[in-house]
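Input: a single structure, listed below in structure tokens.
The values are calculated or read from the model by the stated rules, or taken from the named source; none is laboratory data. Bear in mind the structure is a predicted one, so any value in this text is a computation, not a measurement. Please note: Cβ atoms are built from the backbone with ideal geometry, for glycine as well, and neighbour counts cover all protein chains shown. These accessible areas exclude ligands, DNA and RNA; they are computed on the full protein's heavy atoms, side chains included. Shrake-Rupley method; radii C 1.70, N 1.55, O 1.52, S 1.80 Å.
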Amino acid sequence: MKNYIIIILLLYSGWAFNLQSVDTVLFSSSSGFFSESFQLSLSNTQGNDIRYSLDGSYPKTSYSGPITISQSTTIRVRNSKSTKGFTRNFIFHPRKVSLPIMCITIDPSDLYDSVKGMYVKGPGADSKSPYKGANFHKNIEKLAYVELIDTNNNVEFNQRVGLKIFGQYSAMLPQKSFSVHAKKKYGDKRIRASIFPDRKFKKYKSIVIRNSGSDFCNTHFRDIMMTSLVKDLNIETQAYRSCIVYLNGKYWGIYHLREKINEFYIKQHFKIDKDSVAIVRHKGEVQQYGRLNYNNMLKFLKTNDFKESSMVDSLSKLMDIDNYLDYNISQVYFNNIDAGGNIRYWRSRANGSKWRWILFDTDFGFGLRPGNDVEENTLKNFTTYSSEAWPHPSWSTLIIRKLLENDSIKVLYIKKMTWLLNTTFSSENVLNHIDKIETSLNQEMESHFKKWKRSYNIWSTQKDKIKDFAQRRPSFIFIQMKEKFNLSPYYSLSVDLRGNNKIVIDGVQIESGKKYTLPSNIKMHINAIPQFGYQFDGWEKDTIYKNELTITKDTELSPVFSKKELSEGIVIVFASKDDKVGIAVGVSDTLTDKFDAVQFVKVGSEIIGGQGGGGRKDFAQAGGQDKSKIEEAFEKLKTLI
């Protein structure tokens, strides 16, 4: 025991010594939003001189006393015996902060130096667009500090990182995108924060701070709107989080934080070792590792007739067909005319892995470019051979053209598109989706347009354009599908549902009373799912045979459900009003020799903050104070049965 105590003391002593050897600069105020000027004081733990800068440059000015902070400022500091430093950001935002603020601190010369600055063309750029050889195309990485402050004035992370200009043609814009890279040489190998609320991840290797690409200062949210619209489909998409950027203390407008598509993204989402991931883009350009069997798969597609189901079966071992169909259908609906260029696909190197497609960079969708509007027949363009080099070259449409040679795939494609046009791509759903994003950006957008010297009227015009697209696009695609696949007329289908009973058709849960537009003479699978305690008895009109539905006219279905007669059972009921919770348990007479309602109530009430209650073996009840524990209590009681 004596030796054990000595070891602990030695460890503690060493820890204390190491802590004292770190010279940390202390700030009298933390980063955040401010409305009044203040005095900022600096100190450190070792008494060394402190150097600072207020423009992002390497700290050289000696600190001699409090610094007046009266406008948005990034302060970069270090002690005189260290090259590493710290930053804090003090933001005087002239409006209520409606979006998180991302602060970027970087030496101005690393951005704007006429020879080496990564934000400028530099001496090697071509004289004409897209300025090949420009510095902003050179993948230059520089040390920077990034700090994210949420709308509640909390700092989510602040760390040293590598910063690059991100994007290709969009890199020519005055507001450029950035990619952020956490590396050991800068400090931490990960950004340790839950950056995207829609994701469960708590750390990231890299992220993108994106300027909305080709949609810059149009709606400025096309890509995040489209990719988030289909996030529940069988496609890889990037999460987003809109933000305001301050660059070296200067307002830099609205950006969108995005996940970065690379081997770390695949590792995070699919639990696959990053070194076993292959990522390819465009016409076979390797991003990560290699092409593996991709070229062989293309050769297989080119040299075989896919009318035979055996060919589809063989292809399904090489690629995820369902994923590809969702990907293609989404691009068709979006009318993304740049889909022929922005293609990215991946697979694991493990045996049996399949190629999957990633949806990204959809800025040209929803009619961004004049002439590519809501009525364009993208279905025809994306499924027909073309000798053009762009926007839909033959190599980019090969897979879908070969797949649609097969009748079963053709029917699957028709069904998928049809149901998506009735649900995810319905006018009502898309308009609601657009409105939510518009509302989140509305307060800040006028200042963003003013910053980049663009007319704010553009935003209204472009918003109207995408809303018109959302309103009218489904009707055009229905017509184009009918022409492409020689379909019979469309009819409406509705279902009259009562209670919590469900009707599911081709995997889609049907809303009661809603009218669905469906093609006639296409066989669909229908399933009736009764709520607990009920049974499905059939249909008011004998319209369904062996769970198969084919409509030949406007149809309203009326399923019949009835309550089951229960001979014995246990009923557990929770009810809440305001902060009060009630629990009642009933046990049928035939089960009271095995179960006691009083015991159930006692266990449940303890979880919801009650006192145990009372009653009989066949019925008991109690109260509680914590309605947030209802689900926990219910799950516990289920284990007692």
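A few points about this structure:
- The radius of gyration of the Cα set in segment 388-433, together with its Dmax, comes out at 14.4, 37 angstrom.
- Label-point separation, Lys132 to Val120 (7 Å along Cα→Cβ), nm: 2.4 nm
- Measure of compaction for segment 105-228 (Cα Rg per 2.2 N^0.38 Å): 1.15
- Over 26 Å between alpha carbons, listed pairs Lys202/Lys260; Lys380/Lys514; Lys200/Lys580; Lys415/Lys465: Lys380/Lys514; Lys200/Lys580; Lys415/Lys465
- Along principal axes, Cα extents of segment 482-641, largest first, whole Å: 68, 34, 22
- Helix-derived mean residue ellipticity, 222 nm - over the chain, DSSP H n ≥ 4, -39500 (n - 2.57), to 500: -8500 deg cm²/dmol
- For segment 40-111 versus segment 198-252, the spacing of their alpha-carbon centroids is 27 Å.
- Entry for segment 254-310 at q = 0.16, 0.23, 0.27, 0.29 Å⁻¹: log10 I(q)/I(0) = -0.68, -0.92, -1.05, -1.12, Debye formula applied to identical alpha-carbon scatterers, no solvent contribution.
- Where Rh is the Kirkwood radius over Cα pairs, Rg/Rh for the chain: 1.04
- Shape category assigned to segment 419-498 from the gyration tensor of Cα positions, a/c cut at 1.5: oblate
- Cα pair distances exceeding 19 angstrom across segment 532-611, given as percent: 61 percent
- Part-to-part distance (alpha-carbon centres) for segment 500-543 and segment 399-414, which is given in Å: 26 Å
- Under the span-like rule (Cα at least 27 Å along the axis, Kyte-Doolittle mean at least -0.5), DSSP H helices of the chain: 2-21
- Heavy-atom accessible area with a 1.4 Å probe sorts Leu412, Leu441, largest first, into Leu412, Leu441.
- Pairwise Cα distances in segment 232-271 exceed 12 Å in 68 percent of cases.
- Longest exposed-site-free window of the chain, the sites being GluC sites (Glu not before Pro) in a DSSP loop that have at most 12 other C-beta atoms within 10 Å: 37-307
- Amide H within-cut-off set for Ile551, under 5 Å, with H built and near neighbours excluded: Asn521, Ile522
- Solvent-accessible surface (1.4 Å probe) assigned to Arg241 amounts to roughly 40 Å².
- Taking label points 7 Å from Cα along the Cα-to-Cβ direction, Gln535 and Tyr112 give a separation of 7.9 nm.
- Subtracting the Cα-Cα distance of Asp593 and Lys380 from 0.36 nm times their residue separation leaves 69.7 nm of extension gain.
- Extension gain from Gln443 to Val508, taking 0.36 nm per residue of separation minus the Cα-Cα distance: 19.7 nm
- Once both labels are positioned 7 Å from their Cα atoms along Cα-to-Cβ, the gap between Val411 and Phe201 label points is 3.9 nm.
- Translational diffusion of segment 122-173, µm² s⁻¹ [Kirkwood Rh, Cα pairs; Stokes-Einstein; 25 °C; 0.890 mPa s]: 186 µm²/s
- DSSP bridge pairs, the chain: antiparallel proportion in percent, nearest 5: 90 percent
- Residue-count net charge about Ser512 - beta-carbon cut-off 12 Å; Lys, Arg +1, Asp, Glu -1: +1
- Rg/Rg_ref, segment 351-397, where Rg_ref = 2.2 N^0.38 Å and atoms are Cα: 1.44
- Rounded if a/c under 1.5, otherwise prolate or oblate - segment 153-287, Cα gyration tensor axes: rounded
- The overall shape of segment 37-157, judged from the alpha-carbon gyration tensor, is oblate: a/c is not under 1.5, and a/b is no greater than b/c.
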